[in-house]
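Right, one structure below, let's go through it.
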Amino acid sequence: MEIKNIKQKSLVIVGIIWFLVGAGLSAAGINWMLQLGFGPKMIIFLTSSVLIGVLKGKFVLQKVALKYYKRSDIIQFNDNDIFLGWVKILGVKGFILIGLMMAMGSFLRHSNIDRPILGIVYLAVGIALLYASKIFFNTDKVK
């Protein structure tokens, strides 16, 4: 398989991971907010989450995604990277960050924070990941 195709597939895999994690966090956040019942409080929680998520996606995670995308330009891909090229793109720092985020999520879930409040955080982070994941699907730029 051509190295360009391996790079494209690796970027798409990273995008799928970001998208699926974002969708899962969003679903959990919405599920927890549903405990409020439909009303003004839920509208405020949802609106806050969407606003925070889009802003975080646009101004924070999109920049992180672009760094990973640009990192793929300097990585030497080979034929063996067909399944693990995405690991090279994320790198050690990426996996440390993922581990820290998972630990923070576990800590928050096991804390005494009310689930609807936690839902704001989960939905906002989920939306941010969904927003920024689009970077990895833009394989037109792949050289």
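Worth pointing out:
- For segment 90-129, residues that are under 18 Å from F45 (Cβ atoms) and hydrophobic (A, V, I, L, M, F, W, C) total 11.
- Filter result for the condition that a residue is within 13 Å of V14 (Cβ to Cβ), small (G, A, S) and in contact (Cβ under 8 Å) with a residue 24 or more places away in the chain, over G85, G91: G85
- Number of positions in segment 102-131 that are among the aliphatic types (A, V, I, L, M) and loosely packed, with under 11 Cβ neighbours inside 10 Å: 1
- A single entry from G91, G99, G119 fulfils the requirement of being at positive phi and in a helix (DSSP H, G or I): G91.
- Filter result (touching a Phe, Trp or Tyr at 6+ places or on another chain (Cβ under 7 Å) and under 14 Å from L123 (Cα atoms)) within segment 54-84: V54, G57
- Checklist (1) under 14 Å from the mean Cα position of the chain (by Cα); (2) exposed (fewer than 13 other Cβ atoms within 10 Å of the Cβ); (3) touching a residue at least 60 places away in the same chain (Cβ under 8 Å) applied to G99, failing item: (3)
- Any chance G105 is at pLDDT below 95 and either among the basic types (K, R) or within 14 Å of the chain's Cα centre (by Cα) (or both): yes
- Residue in segment 71-92 that is modelled with the lowest pLDDT, counting only those that are exposed (fewer than 11 other Cβ atoms within 10 Å of the Cβ) and of a type in the set (D, E, K, R): D79
- Residues of segment 44-78 that are in contact (Cβ under 8 Å) with a residue 12 or more places away in the chain and among the aromatic types (F, W, Y): F45, Y68, Y69, F77.
The values are calculated or read from the model by the stated rules, or taken from the named source; none is laboratory data. Computed from a predicted structure; not experimentally measured. Cβ sites come from the backbone with ideal geometry, for glycine too, and all protein chains shown count toward neighbours.
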